[in-house]
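Here's the structure we're looking at; comments come further down.
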Amino acid sequence: MHNIHTIAELRATLANIRPKTVALVPTMGNLHDGHLSLVKIAKQHADVVWVSIFVNPTQFGVGEDFDSYPRTLSEDCQKLQGLADGVFAPDIHEMYPTYPPNIHLTLGDISQILCAKTRPTHFDGVGLVVGKLFNIVRPDVAVFGKKDYQQLALVRRLNDEFNFGVRIIGGDIVRAPDGLALSSRNQYLSPSERQTAPFLQKTLRHIADTLSSAPFEAFATIIQNGKDTLNQNGFVVDYLQVYTQNLQPPSANDTHFVLLAAAFLGKARLLDNVEFVR
Ligand code: AMP
């Protein structure tokens with residue numbers, strides 16, 4: 001497996017690989033089975049799979065966990081042996097020749113809802129780094145997890161509006177046996193919080209089941225009750241909302257919905273979502 005840190009070396013290596021097709025799986029490292037599932041999906045859609053590992057500073061807000069975010073590059077590379085063809089792990093100056101960057105992206109409506117209410121600059125930073133990675137790697141295919149549902153929608157938007165022409169694929173959420181969505185940030189949970197954490201997914205599933213057979217007018221009350229339940233069980237709900245599956249405000253005529261939540265449990269901010277039809 002290639003392990004490359006510079007853009008020049010990456011471009012030279014990929015030039016030798018083409019015309020084979022290339023899939024990119026962008027990550028911040030500290031890999032778990034959720035990331036590895038994306039690599040396996042990528043392999044089904046391209047000849048070679050590259051994983052980028054970069055803790056992107058521009059997507060972290062002031063006071064967030066940029067400094068303490070777990071960095072485990074050598075373990076990550078071991079996990080990718082036999083699964084990926086290459087790892088691209090640049091440092092900040094390689095990715096941002098000028099840092100802080102002079103260029104800023106504003107991604108519009110979808111970047112201002114849900115997670116953006118608490119993390120207002122997050123998605124503009126994600127858009128910037130994904131745009132850079134698409135320019136550097138020029139992948140045919142890129143795979144992102146549905147765990148970060150809003151991010152996936154924004155990447156699709158970025159890809160369309162910037163004419164990158166990458167095939168974007170969404171990978172299903174990989175969960176622990178008790179239902180908790182795998183996340184590098186789950187390690188911020190204390191043992192007792194870790195016991196409580198799967199209740200988020202259980203509650204989302206229950207609400208989504210109820211919504212799938214409820215009149216649209218009842219949605220607001222059902223969701224408010226769900227929020228109360230979570231808040232009474234140790235969570236501090238950041239948001240619990242329904243959107244259409246392309247993240248537009250829902251209406252009574254829609255059929256494909258997603259219920260999305262972010263909730264604090266101690267220091268950890270857990271994200272989860274459940275798609276449902278009606
Ligand atoms: P991150 O390293 O957190 O930036 O995540 C890199 C990619 O892995 C993103 O596309 C995430 O949506 C995806 N991902 C993270 N956790 C999971 C999971 N539990 N299941 C599926 N994909 C995931």
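Since every read-out is calculated from the coordinates, none of them should be taken as a lab result. All values reported here derive from a predicted model rather than from experimental measurement. When we count neighbours, we look across all protein chains shown, and the Cβ atoms used for this are built from the backbone with ideal geometry, even at glycine.
The figures follow:
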quantity	calculated
Binned Cα-Cα distance frequencies in region 41-99 - 5 Å width, integer %	4, 16, 21, 20, 18, 13, 7, 2, 0
Estimated FRET transfer efficiency when R0 is 30 angstrom, pair residue 72-residue 244 (beta carbons, to 0.05)	0.25
Three semi-axes of the equivalent ellipsoid, region 110-161, Cα gyration tensor, whole Å, largest first	20, 12, 9
Where a label projected 7 Å from the Cα of residue 161 along Cα→Cβ would reach, residues of region 228-255 with amide N under 18 Å	246-249
Residue order, fewest to most surrounding Cβ atoms within 10 angstrom, among 155, 174	174, 155
Fully extended contour minus Cα-Cα distance, from residue 229 to residue 9, at 0.36 nm per residue	74.0 nm
Reference-scaled alpha-carbon Rg (2.2 N^0.38 Å with N residues) for the chain	1.02
Translational diffusion coefficient (Stokes-Einstein; Kirkwood radius from C-alpha pairs) of region 206-278 at 25 °C, 0.890 mPa s, in µm²/s	196 µm²/s
Whole-Å semi-axes of region 86-229's equivalent ellipsoid (Cα gyration tensor)	33, 20, 16
Estimated [θ] at 222 nm from DSSP helical runs (n ≥ 4, -39500 (n - 2.57)) normalised by residues in the chain, nearest 500	-10500 deg cm²/dmol
Range of Cα positions in region 74-157 per principal axis (Å), largest first	40, 32, 25
Ranked list, fewest to most other Cβ atoms within 10 Å of each Cβ, for 66, 199	66, 199
For region 1-125, Kirkwood radius (reciprocal of mean inverse C-alpha pair distance, Å)	16.0 Å
Between region 36-58 and region 251-277, the Cα center-to-center distance that results, in Å	25 Å
Region 164-242: equivalent-ellipsoid semi-axes (sqrt of 5 x gyration tensor eigenvalues, Cα, Å)	24, 22, 11
Sequence ranges 134-141, 45-52, ranked by mean other-Cβ count within 10 angstrom, highest first	45-52, 134-141
Additional length obtainable on full extension of the chain from residue 277 to residue 253, 0.36 nm per residue less Cα span	7.5 nm
Cα shape, region 4-56, gyration tensor, a/c 1.5 rule	oblate
